[in-house]
Amino acid sequence: MLRADEIPDDLWAVIEPVLPASAGRRGRPWNDHRLTLEGIAWRFRTGSPWRDLPEYFGPWQSIWERHRRWSDDGTYIRMFAAVRAAAPEREEQLERLLSIDSTIVRAHQHSAGALPMRTQGARSNDKNLANEPADHALGRSRGGLSTKIHALTDTFCCPLTLLLSPGQAGDNPYLAPLLDAHRAHDTAAFRLLADKAYSHPSTRKNLRERRISHTIPERRDQIRRRKTKGSDGGRPPAFDKDRYRERNTVERGFGRLKQWRGIATRYDKYATTFLGGVLFAALVIHHRVRK
């Protein structure tokens with residue numbers, strides 16, 4: 001039985017107004033947007049090649065082109081923002097807690113289609129994607145090609161803001177860009193929960209300058225260095241173990257994302273289209289959990 005039920009009526013009512021209208025558009029009329037989204041969901045749910053899309057959804061080329069266009073022109077970002085804005089209020093803790101972390105996604109060899117050509121000096125055809133990073137958010141390490149998803153997650157294990165980087169990139173350098181992206185759509189106060197990867201003194205200073213309260217444990221080498229300085233080492237940063245237990249929500253949020261097999265393994269050559277799929281999965285998860 002074909003599964004095509006990712007876009008229920010209540011979710012469709014939220015995202016339909018922000019989808020591009022075909023009125024006044026030159027060329028052949030678009031296929032039904034809702035059916036197209038179901039096809040995109042099927043592809044990322046199963047991790048299948050675009051060419052293997054069931055005929056029920058229409059020509060796979062049209063669905064791929066729609067996904068590529070929406071990934072590049074910010075349509076998925078607007079859809080996600082609409083879903084977040086429409087989410088009903090739920091009783092939260094007295095203090096709003098957000099958790100930050102990253103997860104590694106192994107990249108299939110098909111996702112590296114442009115990389116060998118680049119090393120040989122050949123032209124790349126990704127110039128049609130305005131927001132595509134030069135490295136395609138792909139990194140090489142001993143384990144092979146990989147991509148890292150950085151996320152801010154709420155207490156309901158719903159990803160709120162997401163960014164991509166090459167797999168070998170550190171977590172700490174992406175904290176500030178992730179916070180900047182989050183503040184673009186959410187200015188409410190929160191306490192940030194993070195692990196020891198974000199424990200650098202410059203990070204704590206940055207968070208204080210942003211007036212973001214935080215709960216981050218110290219690394220052992222930092223504790224040892226502070227103690228060797230005696231009274232000159234200053235006081236240890238405040239740390240609440242009970243609050244820190246809530247940081248598991250970001251790991252559970254990644255677990256929900258990786259139930260989509262096309263996200264647990266990256267098959268997309270372009271970071272832009274892969275991020276579009278991640279945002280689409282995140283908005284579906286957000287709607288289901290928060291409704």
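The values are calculated or read from the model by the stated rules, or taken from the named source; none is laboratory data. Remember, it's a predicted structure, so these values are computed and weren't measured experimentally. We place every Cβ from the backbone using ideal geometry, glycine too, and count neighbours over all the protein chains shown. Quick note on the areas: whole protein, heavy atoms, side chains included, nothing else; ligands and nucleic acids left out. Shrake-Rupley method; radii C 1.70, N 1.55, O 1.52, S 1.80 Å.
The numbered conditions (1) in a helix (DSSP H, G or I); (2) surrounded by 15 or more Cβ atoms within 10 Å (Cβ to Cβ) are all true for Arg288 except (2).
Of all residues in segment 169-194, those satisfying the criterion of being hydrophobic (A, V, I, L, M, F, W, C) and in a loop (DSSP other than H, G, I, E, B) are Ala169, Ala184, Ala188, Ala189, Phe190, Ala194.
Listed by first and then second residue, the pairs linking a residue in segment 273-291 that is among the aliphatic types (A, V, I, L, M) to a residue that is at pLDDT below 90, with Cβ atoms under 8 Å apart and 6 or more places separating them unless they lie on different chains, are Val284/Glu6. Does Ala197 count as small (Gly, Ala, Ser), in contact with a strand residue (DSSP E or B) (Cβ under 9 Å, 6 or more places away or on another chain), over 24 Å from Ser111 (Cα atoms) and outside any loop (DSSP other than H, G, I, E, B)? Yes; evaluated as a whole, the condition is true for this residue. Asp242 meets each of the listed conditions (1) part of a helix (DSSP H, G or I); (2) touching a residue at least 12 places away in the same chain (Cβ under 8 Å) apart from (2).
Being exposed (fewer than 15 other Cβ atoms within 10 Å of the Cβ), under 16 Å from the mean Cα position of the chain (by Cα) and over 20 Å from Ile285 (Cα atoms) is a property that holds for Asp180. Being at pLDDT 95 or above, in contact with a strand residue (DSSP E or B) (Cβ under 8 Å, 6 or more places away or on another chain) and not aliphatic (A, V, I, L, M) is true of Phe274. Restricting segment 202-237 to residues that are among the small types (Gly, Ala, Ser) and open to solvent by 60 Å² or more (accessible area, probe 1.4 Å), the residue that is farthest from the chain's Cα centre (by Cα) is Ser231.
Screening segment 251-283 for residues that are in contact with a Cys (Cβ under 8 Å, 6 or more places away or on another chain) and under 20 Å from Phe190 (Cβ atoms) and picking the one that is most open to solvent (accessible area, probe 1.4 Å) gives Arg252. When the residues of segment 90-121 are filtered to those that are open to solvent by less than 70 Å² (accessible area, probe 1.4 Å) and of a type in the set (A, V, I, L, M), the one that is modelled with the lowest pLDDT is Ala114. Selection within segment 30-64: residues that are more than 21 Å from the chain's Cα centre (by Cα) and in a loop (DSSP other than H, G, I, E, B). The member of this set that is modelled with the lowest pLDDT is Trp30.
Only a single criterion out of (1) out of contact with any helix residue (DSSP H, G or I) (no Cβ under 7 Å at 6 or more places or on another chain); (2) part of a helix (DSSP H, G or I); (3) not hydrophobic (A, V, I, L, M, F, W, C) is not satisfied by Arg235, namely (2).
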